[in-house]
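Colleague: This structure is in structure tokens; I'll ask about it shortly.
Here, each number is a calculation from the coordinates, and none is a lab measurement. What you are looking at is a predicted structure, and each value in this text was computed from that prediction instead of being measured. Cβ coordinates were reconstructed from backbone atoms using ideal geometry, including for glycine residues, and neighbour counts include every protein chain displayed.
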Ligand SMILES: NC(=O)c1ccc[n+]([C@@H]2O[C@H](COP(=O)([O-])OP(=O)(O)OC[C@H]3O[C@@H](n4cnc5c(N)ncnc54)[C@H](OP(=O)(O)O)[C@@H]3O)[C@@H](O)[C@H]2O)c1
């Protein structure tokens, strides 16, 4: 038998554990042109919340159906194959549903992993996966921080933020994070090399807290959150600063709070660039090689919020929105 996490009901606002349920069903037979995988890790990625609302389908994914498996990213190994392009034993990072097994015809978004994995397999879902590569592409291609820059990162203690901050530090920048708790702020500064951290829901209004932590203004804002964090950052940007938009978790599945100060983009001559990592598929090897070098040399760390067992996938997803995670959220099956 295989197990799936299905959408039991549509989340209202932030997802909670009860929005998900486990279903058991027989493992499907492998037909010509298909292959079967065993899924060893499920990566929890906030962006998938977007497709849990009714009529939320777009060019990337259709809206998820009620009582059907939830779409996500998994680390999979091919265990049976009647597909010419996928051999038994191949390891994949794939946009498959939250299931213990997947029958695929290869039409999903699939990135092949090396045959022999040098690091803990979970790293290929985090620092060497979609979120680590998002930090890499966003920092290296767009932000391009220098030692003269102050870099502010929202969602700084999460999967993308922890890696983005470490990359900016490698370039010599001063790095400040926005986080949801004092414990996470302390952890960023004491364990991950951040220079300072501000609380997004502390006693001080966010724009003032950012100003106190970045007295010379911000040169680069790497945004995972959107809404009020983006607005507060714009207020503190320096002339010709760069805004790198990676995500907007504060607006997923709810009415977004748009920044009300976009005219400052004009007056400060700011540049804004968003990006989607999956459009850089052909550069995954380059990104993974560089991140692997840093990991191997101990130059960057890859913190994880890891749970075990498919029954914990719903809770792990809810944890992302509650800010419970320190680093990459992952479930080992
Ligand atoms: N562009 C791309 O290709 C790409 C690829 C992967 C991910 N992303 C995006 O990158 C962002 C980060 O993803 P991730 O996987 O690394 O998640 P994550 O940062 O590991 O977890 C999300 C963090 O965001 C904060 N947060 C949650 N709800 C919030 C809210 N309403 N307002 C403000 N902060 C909130 C929480 O931290 P605190 O409580 O500490 O603030 C939480 O820990 C997401 O927006 C995701 O969609 C983009």
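Colleague: For the range 143-214, report the translational diffusion coefficient in µm²/s to the nearest whole number, using Stokes-Einstein at 10 °C, 1.306 mPa s, and a Kirkwood Rh over Cα pairs.
Modeller: On the way: Rh = 11.8 Å.
Taking Rh from Cα pairs, D becomes 134 µm²/s.
Colleague: What list of whole percents do you get for P(r) of the range 1-146, with Cα-Cα distances grouped in 5 Å bins up to the one holding the largest distance?
Modeller: The percentages, shortest bin first, are 2, 9, 17, 19, 19, 17, 10, 5, 2, 1, 0.
Colleague: Rounded to the nearest 10 degrees, what's the angle between the helix 159-170 long axis and the longest principal axis of the chain, both from Cα atoms, 0 to 90?
Modeller: Once rounded, the angle reads 50 degrees.
Colleague: Something else about it: Note the full-extension length gain between residue 31 and residue 58 as 0.36 nm times their separation in residues minus their Cα-Cα distance, in nm to one decimal.
Modeller: Numbers: separation 27, 0.36 × 27 = 9.72 nm, distance 2.96 nm.
Between residue 31 and residue 58, full extension yields an extra 6.8 nm.
Colleague: Let me ask something else. Given the alpha-carbon gyration tensor of the range 131-278, what are the semi-axes of its equivalent ellipsoid in whole angstrom, ordered largest first, with each equal to the square root of 5 times an eigenvalue? Walk me through the numbers before you get to the answer.
Modeller: Numbers: eigenvalues 70, 61, 53 Å².
The equivalent ellipsoid of the range 131-278 has semi-axes of 19, 17, 16 Å.
Colleague: At 7 Å along the Cα-to-beta-carbon direction for both residue 21 and residue 255, put a label point, then send me their distance in nm to one decimal.
Modeller: Inter-label distance under the simple model: 3.1 nm.
Colleague: To the nearest 10 degrees, how steeply does helix 182-191 sit against the main Cα axis of the chain, on a 0 to 90 scale?
Modeller: Taking the Cα atoms of the chain, the angle to 182-191 is about 90 degrees.
Colleague: Shifting gears a bit: How large are Rg and Dmax for the range 238-279 when calculated on the C-alpha trace, in angstrom?
Modeller: Looking at the range 238-279, its Cα Rg and Dmax stand at 12.3, 33 Å.
Colleague: How much length is gained on full extension from residue 183 to residue 107, taking 0.36 nm per residue of separation minus their Cα-Cα distance? Present the calculation step by step, with values, prior to reporting the outcome.
Modeller: Numbers: separation 76, 0.36 × 76 = 27.36 nm, distance 4.25 nm.
Extra length available between residue 183 and residue 107 comes to 23.1 nm.
Colleague: A follow-up question, please. Gain in length, residue 280 to residue 120, computed as 0.36 nm per residue apart minus the alpha-carbon separation, to one decimal in nm? Kindly include the intermediate steps, with their values, before the conclusion.
Modeller: Details: separation 160, 0.36 × 160 = 57.60 nm, distance 2.39 nm.
Taking 0.36 nm per residue and subtracting the Cα distance, the gain is 55.2 nm.
Colleague: Here is a follow-up. Which of 26, 11, 207 moves the most in a Gaussian network model of the chain with Cα springs under 10 Å?
Modeller: Highest fluctuation among the options: 26.
Colleague: Would you mind computing Rg(Cα) / (2.2 N^0.38 Å) for the range 48-96, counting N as its residues? Before the final figure, lay out the partial values.
Modeller: Details: Rg = 14.0 Å, N = 49, 2.2 N^0.38 = 9.7 Å.
Normalised Cα radius of gyration, the range 48-96: 1.45.
Colleague: Still on this model: Binning every alpha carbon pair distance of the chain at 10 Å from zero, what are the percents per bin?
Modeller: 6, 26, 34, 23, 9, 2, 0
Colleague: Using a 10 Å cut-off around each Cβ, can you sort 300, 60, 272, 163 from fewest to most neighbouring Cβ atoms?
Modeller: Values: 300 22, 60 12, 272 16, 163 30.
Fewest-to-most ranking of 300, 60, 272, 163: 60, 272, 300, 163.
Colleague: Quick one: angle between helix 284-296 and the longest Cα principal axis of the chain, in degrees between 0 and 90, rounded to 10, please.
Modeller: The helix 284-296 is inclined about 70 degrees to the chain.
Colleague: Among 211-223, 126-138, how do they line up by average Cβ neighbours within 10 Å per residue, starting with the highest?
Modeller: Working: 211-223: 20.5, 126-138: 27.2.
Those peptides, ordered most packed to least, come out 126-138, 211-223.
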